[in-house]
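Asker: Okay, here's the structure, questions in a sec.
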Amino acid sequence: MDSLAFALFLCLILVLAARKLSIPPIPLYIVAGLIAGVSGLRLVQGDTISSYFGHLGLIFLLFSSGLEMKPGRFLAQGSRLILSGLIDLNVNLLLGFFAALALGFSPFDAFVIGSAFFDTSSAISLASLIENRRLLSSESETIIWLMLIEDLIMVFLIFLVSAEMENPALLTLKIVSVVVMIVLLVRLIRDPLINVLKRDDYIPTLLTFSAVICASAFAMALNVPEAVPLIILGATLARTDLATLQRITAPFRDVFLVILFFFFGATIPLSAEVSLFAVGAISLFAIISKVGAGVLIGRLLHHSNQSGVEIGIYTIARGEFAVALAAIYGSASVSTMVALMVIITSIAGSLICRYGDRLRSMASRGFPQ
Amino acid sequence: MGERSVELPGLGTKFELDTDHGDKVAVIFLNTGKNQLYLLEKGRDTPAVANLTPAEARRMGSVLTGAVIEAEKEAVEIAFSALSDLRIRVHTYLARKNLAGKCIGDLQVRTRSGATIIAVARKGRNFISPPPSFAFEEGDILVLIGERDQLSAFEREILGI
């Protein structure tokens, strides 16, 4: 328990410092974990408690992504937006996958790395847009919707990664029945549910917390990927009282995610197999692939390369789902790779966004037109 | 003049206005409760941004609609920007023992002060536009409308303050 206490206290100081300096806190949590944990000073140890809390971070993240999924939303935005999501997926997943294969990872590990490659941190990206005052531009709208589509695709990728072992027919059957059960259940108790959520005591919170934990337990009992019931639960409950559910879920998700990030760093035995060169190469590719995908999307939606670069740089930082994926499904070398890639890209991404204008004016002075 | 309202999932909602002059004004209501006001001058690249609390946003809103409202504890003054001389004051007063049992007609509120009683709140029940036959009880809260002089006259003549 003292590991947890130390970790939380340290993370609190880090996030306060990060806000003061306007830098994203996520890489700081991971770095702090790396320094304090098994690969560094050995001040903290991962244990079942911290990994359980970290896991809660993932399930609340999945649930809160589910809350944002209103099927009609995507269709209303038009096919070009869905197309950009697919461009993002193809460019990044493939580049990450093949780069990892080339560096010697197994196909499964390479797929995990590829998925991490694909996942931009919505938290860092949105925070950068607000901080750099970009919300007026149409590119920012594209970026925000792209984050949402990425979440949807990411859930699918998590599902693929976690569903490795089962017989596909049986698995599909189980998934379909889980989905149907949840949809019917929520529809059945919809009205009393809305009434409970309107209460101003702690019952709505208890209800939400229990529902999320139960969904996760249900998934484990049936041996179905957790992403399925959690996302479906989120999507169906979103139609009851979205604002209340978002208000209740956010603190649990945010606090447990901090624990996830820190102990992710703390429990990675920095694998000696992973060379500095490999990390550097992957991170460089990570930056290039997002900018590249961004340019393609920019040309498709805004008919401009410059818009594309803007979209690209705001999606460089990798994040929450990548860490969660690596923490739960990755081997030591995969975790090492993902952790370092997340740290490097989130710092690089936020610096490039903040000083982008200066870089651009320096570049245009250097290359007079 | 073009305007649009856009949902920004995960962030909030944005209302954009392209003015006839060529400037762009946008208000962003963030899910966190804070608001941002963006101003992009015609021909410029980077907008200016102000962060507003909900209270500040409401204040700017009421200023921009032309009805300037100042609120105090017992009174509200309303001025319309097109009619700057017209200032309407709405004031609340507590009825004490000296008003108990008397009715509006007897007290001749309008004749003697010029102010009008538009509502009375009594223990959770509200009476809007009470008739002259309405009798006060101790503890009633009276809502009056009038100019400053009229309200002062009411305070002097009727309430006895």
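Asker: Is there any pair with a first residue in the range A:182-208 that is closer than 15 Å to A:LEU245 by Cβ and a second that is of a type in the set (A, V, I, L, M, F, W, C) and loosely packed, with under 13 Cβ neighbours inside 10 Å whose Cβ atoms are under 8 Å apart and which are 6 or more apart or on different chains, and what are they?
Answerer: A:VAL196/A:ILE203
Asker: Of all residues in the range A:105-148, which are within 13 Å of chain B (Cβ to nearest Cβ), out of contact with any strand residue (DSSP E or B) (no Cβ under 7 Å at 6 or more places or on another chain) and of a type in the set (A, V, I, L, M)? Walk me through how you get there before you give the answer.
Answerer: Keep residues of the range A:105-148 that are within 13 Å of chain B (Cβ to nearest Cβ), which gives A:120-148.
Imposing the further condition that a residue be out of contact with any strand residue (DSSP E or B) (no Cβ under 7 Å at 6 or more places or on another chain) reduces the set to A:122-132, A:134, A:137-140, A:142-143, A:145-146, A:148.
Passing the criteria: A:ALA123, A:ILE124, A:LEU126, A:ALA127, A:LEU129, A:ILE130, A:ILE143, A:LEU146, A:LEU148.
Asker: Is it fair to say A:ALA238 is surrounded by 14 or more Cβ atoms within 10 Å (Cβ to Cβ) and within 14 Å of another protein chain (Cβ to nearest Cβ)? Show your work before the answer.
Answerer: Values: surrounded by 14 or more Cβ atoms within 10 Å (Cβ to Cβ): yes; within 14 Å of another protein chain (Cβ to nearest Cβ): yes.
Against the criterion (surrounded by 14 or more Cβ atoms within 10 Å (Cβ to Cβ) and within 14 Å of another protein chain (Cβ to nearest Cβ)), A:ALA238 qualifies.
Asker: Quick check: anything in the range B:22-45 exposed (fewer than 12 other Cβ atoms within 10 Å of the Cβ), modelled with pLDDT of 85 or more, within 13 Å of chain A (Cβ to nearest Cβ) and in contact with a Phe, Trp or Tyr (Cβ under 9 Å, 6 or more places away or on another chain)?
Answerer: Within the range B:22-45, the subset exposed (fewer than 12 other Cβ atoms within 10 Å of the Cβ) is B:22, B:32-33, B:42-45.
Retained after the next criterion (residues that are modelled with pLDDT of 85 or more): B:22, B:42-44.
Among the residues that remain, those that are also within 13 Å of chain A (Cβ to nearest Cβ) are: B:44.
After this cut, where a residue has to be in contact with a Phe, Trp or Tyr (Cβ under 9 Å, 6 or more places away or on another chain) as well, the list is none.
Checking the range B:22-45: not a single residue is exposed (fewer than 12 other Cβ atoms within 10 Å of the Cβ), modelled with pLDDT of 85 or more, within 13 Å of chain A (Cβ to nearest Cβ) and in contact with a Phe, Trp or Tyr (Cβ under 9 Å, 6 or more places away or on another chain).
Asker: So, in the range A:93-104, of the ones that are assigned to a helix (DSSP H, G or I) and either surrounded by fewer than 23 Cβ atoms within 10 Å (Cβ to Cβ) or among the basic types (Lys, Arg) (or both), which residue ends up farthest from the other protein chains (Cβ to nearest Cβ)?
Answerer: Narrowing the range A:93-104 to residues assigned to a helix (DSSP H, G or I): A:93-102.
Cutting the leftovers down to either surrounded by fewer than 23 Cβ atoms within 10 Å (Cβ to Cβ) or among the basic types (Lys, Arg) (or both) gives us A:93-95, A:97-99, A:101-102.
Numbers: A:LEU93: 22, A:LEU94: 26, A:LEU95: 26, A:PHE97: 27, A:PHE98: 31, A:ALA99: 29, A:LEU101: 33, A:ALA102: 35 Å.
Checked the range A:93-104; the qualifying residue farthest from the other protein chains (Cβ to nearest Cβ) is A:ALA102.
Asker: Considering only residues of the range B:1-10 that are modelled with pLDDT of 85 or more and at the interface with chain A (Cβ under 7 Å from one of its Cβ atoms), which is nearest to A:ILE144 (Cα to Cα)?
Answerer: Only one residue fits best here, namely B:LEU8.
Asker: Looking at (1) within 14 Å of another protein chain (Cβ to nearest Cβ); (2) more than 30 Å from A:MET69 (Cβ to Cβ); (3) surrounded by 13 or more Cβ atoms within 10 Å (Cβ to Cβ); (4) touching a Ser or Thr at 6+ places or on another chain (Cβ under 9 Å), which is the one condition that is false for B:ALA75?
Answerer: Failing condition for B:ALA75: (1).
Asker: Test of understanding: among A:ILE130, A:ILE182, A:ILE149, A:ILE194, which residue is assigned to a helix (DSSP H, G or I), modelled with pLDDT of 90 or more and crowded, with 17+ Cβ neighbours inside 10 Å? Quick ask: steps written out before the conclusion?
Answerer: On the way: A:ILE130 fails: modelled with pLDDT of 90 or more; A:ILE149 fails: modelled with pLDDT of 90 or more; A:ILE194 fails: crowded, with 17+ Cβ neighbours inside 10 Å.
Within the list A:ILE130, A:ILE182, A:ILE149, A:ILE194, the selection yields A:ILE182.
Asker: Here's something else I'd like to know. I want to confirm something. Restricting to the range A:249-261 and keeping residues that are among the hydrophobic types (A, V, I, L, M, F, W, C) and buried (at least 21 other Cβ atoms within 10 Å of the Cβ), which single residue is nearest to A:LEU188 (Cα to Cα)?
Answerer: Restricting attention to the range A:249-261, the residues satisfying the condition of being among the hydrophobic types (A, V, I, L, M, F, W, C) are A:250, A:252, A:255-261.
Those still in the list that are buried (at least 21 other Cβ atoms within 10 Å of the Cβ) too: A:257-261.
On the way: A:LEU257: 32, A:VAL258: 36, A:ILE259: 36, A:LEU260: 35, A:PHE261: 38 Å.
Within the range A:249-261, the match that is nearest to A:LEU188 (Cα to Cα) is A:LEU257.
Asker: Which condition breaks for A:GLN77 when tested against (1) under 20 Å from the mean Cα position of the chain (by Cα); (2) within 14 Å of another protein chain (Cβ to nearest Cβ); (3) over 26 Å from A:GLY280 (Cα atoms); (4) surrounded by fewer than 22 Cβ atoms within 10 Å (Cβ to Cβ)?
Answerer: (1)
The values are calculated or read from the model by the stated rules, or taken from the named source; none is laboratory data. The structure displayed is predicted, hence computed values, not measured ones. Cβ: placed from backbone, ideal geometry, glycine included. Neighbour counts: every protein chain shown.
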